[in-house]
Amino acid sequence: MDTSQNSRQPFIYLAPIRGVTDVLFRNTFFRHFNGIDAAVAPFINPQKNCQYNDRMLQDILPETNNIPPIPQLLHTDPDDFLVLAGRLADLGYCHINWNLGCPAPMVARKKRGSGLLPYPEKILFLLEKVTSRTQMKLSIKTRLGYQQKEELFHLLPRLNDFPLKEIIIHTRLGKQQYRGQTDPKSFATCLELSHHILVYNGDITTRNGFTELAHHFPDTSTWMIGRGLLMNPFLAEEIKGLQSENREERRTRLFAFHEELYTGYRERLSGPGHLLGRMKQLWLYLIASFPEKKKPFKKLKKSSTVYAFEESIREIFDL
Ligand SMILES: Cc1cc2nc3c(=O)[nH]c(=O)nc-3n(C[C@H](O)[C@H](O)[C@H](O)COP(=O)(O)O)c2cc1C
């Protein structure tokens, strides 16, 4: 094995996408596609005074994850954070991620996720308490700010003395949700302000787009991709130059992935409503791999029975 070659390869995280990248998705994805080095799991629902039974942690239980992900916490109370961190340590985890990026209004209103970014003192308070009381590696996933990018610009120098594994930055503001442009220029400013390893995240959807960013940020070696991988599951292979199949072979691999995922959800989820809801959520992105299939996609979105859904899948895959 040529390790010198491997060491030049980017490290690529699969981003957490709640409602899509759950344990079944991650296991299936890792079995069918290459190029992803690790995954951050969607956030664990924060609870107060809770011991977290296995059911609440089912998405990240090591025995059901073929490749254990990095569990993500959304707490803002240090004591509650530490209870969950302790439970995760007992499960064998040694790296956890703190979500300072979620923009959902219900979350941000509670000063969680990106809603905490305008309150740096609260962030520092949690970090002081948590980092002094856990041995686990802690990383942060954040945005440029909630209202304005100066929020992160002011925060980053104050994070320099904390023992953080890395800081993943989705280069949007919380108030943008998932819309509008990302802001790679601000990532350059962040690199100047932080002593930590910074991970770039946001709108990497093509190999060329990745190459352009990598050219701008030659010292950045770790990247996170979410929707780009859902739109094109071969993207990490393409970025790493692992992929050389023709269109037909790609379609065959994609279908095998889809079949396994669909079968898995059919066994796990009760009732066609849940099953179709889950699959349609994925297809909002995956349809980008089938640009000429607008008509069957319309049918897929409208499908209310398993029969109608499966028929539209056959049309999309030309079966
Ligand atoms: C539907 C949806 C759910 C998401 N859930 C999470 C989550 O649980 N935790 C998190 O840190 N980010 C979450 N994100 C944000 C993504 O991880 C990622 O930061 C964002 O989509 C930008 O990266 P991308 O353009 O590569 O997708 C979510 C995004 C979407 C669209």
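At what distance in angstrom do the alpha carbon centres of region 168-212 and region 297-319 lie from each other? Value for the Cα centre distance between the two parts: 35 Å.
When the C-alpha to C-alpha distance is required to be over 24 Å, the pairs from Lys48/Lys141; Lys110/Lys175; Lys141/Lys185; Lys129/Lys149 that qualify are Lys129/Lys149. With the charge dipole of the chain set up from +1 on Lys and Arg Cβ and -1 on Asp and Glu Cβ about the Cα centre, the Cα lying farthest toward the positive end among the listed residues Pro272, Thr142, Thr189 is that of Pro272. Highest-first packing order for the peptide set 276-284, 222-230, 81-89, 132-140 is 222-230, 81-89, 276-284, 132-140, based on the mean count of other beta carbon atoms within 10 Å. Based on C-alpha pairs under 8 angstrom that are at least 6 apart in sequence, the chain has a relative contact order of 16 percent.
Counted by Cβ distance under 12 Å from Asp22, the other residues give a net charge of +3, where Lys and Arg count +1 and Asp and Glu count -1. The charge dipole of region 204-319, taken about the Cα centre with unit charges on the Cβ atoms of Lys, Arg (+1) and Asp, Glu (-1), comes to about 600 debye, rounded to the nearest 20.
Beyond 28 Å, what share of the Cα-Cα pairs of the chain is found? Please give it as a whole percent. Taking all Cα-Cα pairs of the chain, the fraction more than 28 Å apart is 43 percent. Applying the criteria of a DSSP loop state and at most 15 other Cβ atoms within 10 Å to the chymotrypsin sites (Phe, Trp or Tyr not before Pro) of region 243-281 yields no site.
Ignoring everything except DSSP H segments at least 4 long, calculate the 222 nm mean residue ellipticity for the chain; use -39,500 (n - 2.57) per segment, divide by total residues, nearest 500.
Counting only the DSSP helices, I get -13500 deg cm²/dmol.
Percent of Cα pairs in region 1-101 per distance bin of 10 Å, from zero to the largest separation: 14, 45, 28, 11, 2.
What the phi angles of region 253-262 give under the Karplus curve with 6.51, -1.76 and 1.60, with θ = phi - 60°, is a coupling list of 5, 5, 5, 4, 4, 4, 4, 5, 5, 4 Hz, glycine and proline written as x. Charge tally for Lys295 (other residues, Cβ to Cβ under 14 Å; Lys, Arg +1; Asp, Glu -1): +3. For the chain, a simple Cβ point-charge model (Lys and Arg +1, Asp and Glu -1, everything else neutral) yields a dipole of about 1140 debye relative to the Cα centre. All C-alpha to C-alpha distances of region 46-194, sorted into 10 Å bins beginning at zero, yield P(r) values of 11, 41, 34, 14, 0 percent in whole numbers.
If we count every other residue with Cβ under 14 angstrom of Leu138's Cβ, Lys/Arg +1 and Asp/Glu -1, where does the sum land? Once positives and negatives cancel, what remains is +2.
Coordinate-derived values only; no laboratory data. Just so it is clear, the structure is predicted and the values come from calculations on it, not from any experiment. Here the Cβ is made from the backbone with ideal geometry for all residues, glycine too, and neighbour counts use every protein chain on show.
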